[in-house]
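The structure follows.
FYI, it's all coordinate maths here, none of it is from the lab. Because the structure is a prediction, the values reported are computed rather than measured. Cβ placement follows ideal geometry from the backbone for every residue including glycine, while neighbour counts extend to all protein chains displayed.
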2 protein chains.
Amino acid sequence: MNQRGILTVISGFSGAGKGTLIRELLARYPERYALSVSATTRSPRPGEENGREYFFVTKEEFEKRIREGGLIEYAQYVENYYGTPKAYVDAQLEAGKNVILEIEVQGALKVKEKFPDTLLLFVTPPDAAELESRLRGRGTESEEVIQNRLRQASWEASFMSRYDYILVNDKLEICVEELHALIASQKLRMSANSSFITQMKTELEKYQG
Amino acid sequence: MNQRGILTVISGFSGAGKGTLIRELLARYPERYALSVSATTRSPRPGEENGREYFFVTKEEFEKRIREGGLIEYAQYVENYYGTPKAYVDAQLEAGKNVILEIEVQGALKVKEKFPDTLLLFVTPPDAAELESRLRGRGTESEEVIQNRLRQASWEASFMSRYDYILVNDKLEICVEELHALIASQKLRMSANSSFITQMKTELEKYQG
């Protein structure tokens, strides 16, 4: 029987390389991982596809899902809702796939509160100078946007210690394998193996004096 | 700077293959691991070497260490003391080596109580039939000894759920790598990286508005 998958929530500073890290993990182990796709009420941008970047739904549909408990977490930014559909995540976990959820710090902590078995990971570059250099290196953002992201990072850093594990994304190659090993090792948690333990105890009882 | 090593306590049923597993881990990654050597007041058996199997000490010396807090844990079996010298373990951890301690369940839980950061691992064969077959397969023990070990296993099983992780030793090759990945991933625990977090927070403060 397939062991249930592990739900992993990944947060981290903008510029830490979360996106690349997750894409690389899925590319290397496609049969082991599934990426959770969020639902949103915002309009698709050019090139975005329904069911790939997001599930694009109406405000009414989104609010119906909230009422029916169909979302693991949700938040509202600038008039739009964003949330994680529960049914898809459950189906993937049940099938033994590890589900990756990339969400910001407050959503992440809400998920952990509701599902304490969730693995909370925080991705960071090796230091602040490297973070700034990566944000500038993109060459696509204005100085104002870069300063905003750095201020945002400073605020997010205050939540770091509430995460379970930290991933310092220095070399992508190493970081992907650390991430994979970390999630794989969660399947060995005693709490993830209670049926095995019960069975072993029962089997051993016949030897008792 | 070297990160401090992880203290790992390994317990498991007699016949689970703990010894082979640990030897293989040390053989593959000699620079990453150190095996803790116990002190004992029992006499050396033929072939045993002081400082390899055990540190052989007198009863007076052992009791002096107890009084001076020089042991991580100790127990008394059949007139003899067995214990884990603290100084050696500390020195190895400080040097960044992961220290492996192979001890029985009650000692293991005492260590975890005193040092909550300890990683507690329980090694088990895939099922009770396999355990019995491995014990018989050795071909060196009497039926009485085998029955005793199986009764002992049944008692030990009641402590399993208090361990952090379980290692099902089915294929040694896989189990060694699981063990290595598990210990390596402990260095990513948020609680093992508090100085990094503090530094990152401080560095990011300058970006605050």
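Using only Cα atoms, locate the centre of segment B:9-23 and the centre of segment A:6-30, then give the distance between them in Å, rounded to an integer.
Here the two parts' Cα centres lie 35 Å apart.
Give me the compactness ratio for the protein assembly as shown, meaning the Cα radius of gyration over 2.2 N^0.38 Å.
1.16
Once the label point is set 7 Å along the Cα-to-beta-carbon vector, what list of distances in nm do you get between A:D90 and its counterparts in the other copies?
5.2
Across peptide B:181-192, what mean number of C-beta atoms from other chains lies inside 10 Å of a residue's C-beta?
Taking the mean over all residues of the peptide, I get 6.
While we're looking at this one, here's another question. About the Cα centre, and with charges only on the beta carbon of Lys, Arg (+1) and Asp, Glu (-1), how big is the dipole of segment A:53-123? Nearest 20 debye, please.
With only Lys, Arg, Asp and Glu charged at Cβ, the dipole is about 140 debye.
Residue-wise, which Karplus ³J(HN,Hα) couplings in Hz belong to segment B:63-72, taking 6.51 cos²θ - 1.76 cosθ + 1.60, θ = phi - 60°, and x for glycine or proline?
The phi angles translate into 5, 5, 5, 4, 4, 8, x, x, 10, 5 Hz.
I've got another one for you. What's the center-to-center distance, using Cα atoms, between segment A:52-110 and segment B:141-188 in Å?
Using only Cα atoms, the two centres lie 38 Å from each other.
Can you tell me, using C-alpha contacts under 8 Å and at least 6 residues apart, the relative contact order of segment B:66-209 as a whole percent?
Relative contact order here is 18 percent.
Another question, if that's okay. Can you give the mean number of other chain Cβ atoms that lie within 10 Å of the Cβ atoms in peptide A:150-157?
That average works out to 5.
Listed here are the pairs B:K112/B:K187; B:K18/B:K187; A:K97/A:K187; which of them are more than 21 Å apart at the Cα?
B:K18/B:K187
Could you tell me which of rounded, prolate or oblate describes segment B:53-209, using a ≥ b ≥ c as the square roots of the eigenvalues of the alpha-carbon gyration tensor, with rounded for a/c under 1.5 and, failing that, prolate when a/b is larger than b/c and oblate otherwise?
Judged from the Cα gyration tensor, segment B:53-209 comes out oblate (a/c at least 1.5, b/c at or above a/b).
Given R₀ = 60 Å, what would the calculated FRET efficiency be for B:A87 paired with A:T58, taking r from the Cβ atoms and rounding to 0.05?
0.35
Starting from the Kirkwood radius over alpha-carbon pairs of segment A:97-161, derive D by Stokes-Einstein at 4 °C in a medium of 1.567 mPa s and give it in µm² s⁻¹.
Translational D for this selection: 95 µm²/s.
Here is a follow-up. Using +1 at the C-beta of Lys and Arg and -1 at the C-beta of Asp and Glu, which of B:L172, B:A153, B:L182 has the Cα lying farthest in the positive direction of the dipole of segment B:125-209?
B:L182
Can you list residues from other chains, or at least 5 along the same chain, whose modelled amide H is less than 5 Å from the amide H of A:L35?
A:I100
Report relative contact order for segment A:52-96 in percent, whole number only (criteria: Cα-Cα under 8 Å, sequence separation at least 6).
26
Same structure again: If each Cα of segment A:1-61 is one equal point scatterer, what is log10 of I(q)/I(0) from the Debye formula at q = 0.19, 0.26 Å⁻¹?
Here log10 of I(q) over I(0) equals -0.94, -1.18.
Please arrange A:V168, A:V99 by how many other C-beta atoms lie within 10 Å of their C-beta, fewest to most.
Placing the least packed residue first, the sequence is A:V168, A:V99.
Determine, for A:I183, B:I174, the number of other Cβ atoms within 10 Å of each Cβ, and report the residues in order from fewest to most.
Listed from fewest to most nearby Cβ atoms, that is B:I174, A:I183.
Still on this model: Given the Cα atoms of segment A:1-116, and with Rh set as the inverse mean 1/r over their pairs in the Kirkwood sense, what is Rg to Rh to two decimals?
Across segment A:1-116, the Cα-based Rg/Rh ratio is 0.95.
How would you rank B:I10, A:I72, B:I66, going from fewest to most other Cβ atoms within 10 Å of each one's own Cβ?
Listed from fewest to most nearby Cβ atoms, that is B:I66, B:I10, A:I72.
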